[in-house]
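Each value in this text was obtained by applying a stated rule to the coordinates, not by laboratory testing. Values in this document were obtained by computation on a predicted structure and should not be read as measured data. A quick note on method: Cβ atoms are made from the backbone with ideal geometry, for glycine too, and the neighbour counts reach across all protein chains shown.
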Amino acid sequence: MFSNILYYCANTDTEVSALANTLVLADLFDARVTLLCVYPVPPKDLAGYVPLLEASLRQANEKKIAAALARAQLADRALTLDIEIRACNHGFVEAVRQVQTGGYQLVVKESARTTPGDQAKSVDMSLVRKCPCPVLLFAADGKPLRESRLAIAVNPNDGYRNDPSGHAFALQLLQTAAALGKALGKPLQVLACYDTTAIEMVNRLSLSRMNEDEILNIDRQLQKEHLRALQELVGAAGLTDATLVQLKGHPREKIPAEVAKRGIDCLIMGSVARTGIPGFLIGNTAEDIIAQMPASMLTVKPQDFVSPIKAP
């Protein structure tokens, strides 16, 4: 699934943990890992210092690799590791272009949620929005990957059945999560919300308010239809042992709360920049969840997603 991984260096003191988890993934999937270290384009007056700067960056990252191998208990494994050093004022652009030209199937980075600085956070969201391959953001203080609890957030809207591209992506998303869970030997929890906002709005704005029994019956019917759609979606993806979790309310509030309640360490979720594809969380909802999520996040896009960043 992930045979070629690009690790985006955050250049923080804490990213040995994220790099160690990346190396665990590489070992599980027999993958090649390339560390991408990006630094701002220097002014002409400093051009003579570039070789020294790049040598220092390479040495620093070699030390991080050694520390990460030790932390992941992989020092005796023959992993294929490379270091690429590039000058670019927008690091995420260089990362996307590396994906476009290098055949990478996964980009990994330490999450910037606990790292001060708006620029670092914008790199995370830019990768999530514009990188064509899955993006995995490891929490800086997260658990080792082998000990992590996994969950996936989906929206089993019945409309995906009539949308071949949406159906294909829903299956792709679930199968990606299942493959990760299988590689780690971890069970998968599937979180899905059904929203009763429409009922509440009709009841609030209508001239004759519904009684409690009517509201309860409609709510039960919504829950029943939602569960059936969720079961069909999960069954079509071949997930036979996943735990299905129904949540009443909007994903923006319910998903982060449930992740915290269940002690989820890594959440898998679909995220694309356009709307109109049912079957998964998209657009602003996904980004709102990512922005407040303390856990690690794996975001996945449809296979036909085209990045707005042009390939070199």
CD proxy, 222 nm, the chain: helix-only mean residue ellipticity via -39,500 (n - 2.57) per DSSP H run with n ≥ 4, per residue, nearest 500, stands at -14500 deg cm²/dmol
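Subtracting the Cα-Cα distance from 0.36 nm times the residue separation, let me have the gained length for Tyr49 to Ala78 in nm, one decimal. Walk me through the intermediate numbers first.
Numbers: separation 29, 0.36 × 29 = 10.44 nm, distance 3.38 nm.
Value of the extension gain: 7.1 nm.
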Rounded to whole angstrom, the alpha-carbon centroid of segment 226-270 lies from that of segment 296-311 at a distance of 22
With the dipole of the chain defined by +1 on each Lys or Arg Cβ and -1 on each Asp or Glu Cβ, the option from Asn61, Ala95, Gln221 whose Cα lies farthest towards the positive pole is Asn61
Burial-style ranking of 49-59, 87-97, average other-beta-carbon count within 10 Å with highest first, yields 87-97, 49-59
Normalised Cα Rg of the chain, dividing by 2.2 N^0.38 Å with N its residue count, works out at 1.09
In the chain the DSSP beta bridges are antiparallel at a rate, in percent to nearest 5, of 10
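Order of 241-254, 136-149 by packing, highest average Cβ count within 10 Å first? Intermediate results must be reported in sequence, preceding the final value.
On the way: 241-254: 15.8, 136-149: 19.5.
The densest-packed peptide leads the list: 136-149, 241-254.
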